[in-house]
Amino acid sequence: MQLTGKVALITGAASGIGKEIALVYARAGAAVAIADINLSAAQKTADEIKAAGGKALGVAMDVTDEDAVNNGTRAVVEAFGQLDILVSNAGIQIVNPIVDYSYADWKKMQAIHVDGAFLTTKAALQYMYKDDHGGTVIYMGSVHSHEASPLKSAYVAAKHALLGLARVLAKEGAAHNVRSHVICPGFVRTPLVDKQIPEQAHELGISEQEVIKNVMLGHTVDGIFTTVEDVAQTALFLAAFPSSALTGQSFIVSHGWHMQ
Ligand code: NAI
């Protein structure tokens, strides 16, 4: 699975899953743009990749800001000459029962997950559609693109929405050699999840150990967390897949939590 000569833009790549995808793509030969709202952390990741002999660029990008997305995407193409892979991965989590969920938090969740996916896709397609250059767009969904959990109304709604966007892009993009997919991980120990453990324990009135064992891993086949490496290898497989046979799909990487 090689990405030699390819250029990838990964949002939210300064941390967690996105960072691991950037490291794996760079090792596979891609030039990678680490796009994140946290520019100093993005540059640190880019420096790490460059120190290991790879090609990388840290890019300041708030995925909810159309100008920032367009300017950041243009900067990547100016630096590396083209754009072949977009991984729309930036995300946050806010947990609360619907009855207490503030409208402001709801809108923030949709803005980052859904508007961010739309804006980054639209920006990337300017380059992928040009001369039918083509490319692969990967959305970071979740098992919550298929399942629901209490306290996660905004997240579940947003992650379901990504399936729709990916399917429309598969149909519209085919004529321009653009493929799209959603990766749907189970729980992965990143800062996003570590923050939720005490929050869910508090909301559900159970211990943190019970949150991990019953809420996060209770439906897996083996009680094991998915890892950033598991997700990154899936992202590599999808980006490197050699034909257009795979498009418009969701790939669930979750230790069997959800089976299709
Ligand atoms: P993380 O918290 O480790 O990393 C998220 C990154 O997104 C951070 O670097 C943050 O600065 C960046 N970010 C936040 N808001 C942004 C914005 N407006 N614009 C640009 N960048 C922004 O989180 P993690 O766990 O790596 O999550 C990445 C994606 O994976 C998210 O979409 C999340 O929903 C999804 N996911 C995570 C799972 C998990 O268990 N950790 C499971 C399933 C999906």
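The values are calculated or read from the model by the stated rules, or taken from the named source; none is laboratory data. Source: prediction; values computed, not measured. Note that each Cβ is placed from the backbone with ideal geometry, even for glycine, and that neighbours are counted across all protein chains shown. SASA here: full protein model, heavy atoms, side chains in, ligands and nucleic acids out. Shrake-Rupley method; radii C 1.70, N 1.55, O 1.52, S 1.80 Å.
What the table below lists for this structure:
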quantity	calculated
Output for the range 66-94, where each listed residue is open to solvent by 70 Å² or more (accessible area, probe 1.4 Å) and either in contact with a Leu (Cβ under 7 Å, 6 or more places away or on another chain) or among the charged types (D, E, K, R) (or both)	GLU66, ASP67, ARG74, GLU78
Extreme residue, farthest from ALA104 (Cα to Cα), among residues of the range 158-173 that are touching a His at 6+ places or on another chain (Cβ under 9 Å) and within 14 Å of the ligand (Cβ to nearest atom)	ALA166
Residue count, the range 13-64 (criterion: touching a residue at least 60 places away in the same chain (Cβ under 8 Å), more than 9 Å from the ligand (Cβ to nearest atom) and farther than 17 Å from LEU86 by Cβ)	1
Per-region count, the range 105-134, residues out of contact with any Phe, Trp or Tyr (no Cβ under 8 Å at 6 or more places or on another chain) and within 15 Å of the ligand (Cβ to nearest atom)	15
Output for the range 172-203, where each listed residue is open to solvent by 70 Å² or more (accessible area, probe 1.4 Å) and of a type in the set (A, V, I, L, M, F, W, C)	ALA175
Flag for ALA166 being open to solvent by less than 10 Å² (accessible area, probe 1.4 Å) and at negative phi	yes
Output for the range 247-260, where each listed residue is part of a loop (DSSP other than H, G, I, E, B), open to solvent by less than 70 Å² (accessible area, probe 1.4 Å) and either of a type in the set (Phe, Trp, Tyr) or in contact with a strand residue (DSSP E or B) (Cβ under 7 Å, 6 or more places away or on another chain) (or both)	THR247, GLY248, SER254, HIS255, TRP257, HIS258
Selection from the range 212-234 of residues that are in a helix (DSSP H, G or I) and more than 24 Å from the chain's Cα centre (by Cα)	LYS213, ASN214
Residue within the range 103-112 that is open to solvent by less than 10 Å² (accessible area, probe 1.4 Å) and of a type in the set (Phe, Trp, Tyr) present	no
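Yes/no per residue for (1) in contact with a helix residue (DSSP H, G or I) (Cβ under 9 Å, 6 or more places away or on another chain); (2) open to solvent by 40 Å² or more (accessible area, probe 1.4 Å); (3) not in a strand (DSSP E or B):
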{"position": "GLY5", "(1), (2), (3)": "no, yes, yes"}
{"position": "ALA8", "(1), (2), (3)": "yes, no, no"}
{"position": "ILE17", "(1), (2), (3)": "yes, no, yes"}
{"position": "GLU20", "(1), (2), (3)": "yes, no, yes"}
{"position": "VAL24", "(1), (2), (3)": "yes, no, yes"}
{"position": "THR45", "(1), (2), (3)": "yes, no, yes"}
{"position": "GLU48", "(1), (2), (3)": "yes, yes, yes"}
{"position": "ALA56", "(1), (2), (3)": "yes, no, no"}
{"position": "VAL99", "(1), (2), (3)": "no, yes, yes"}
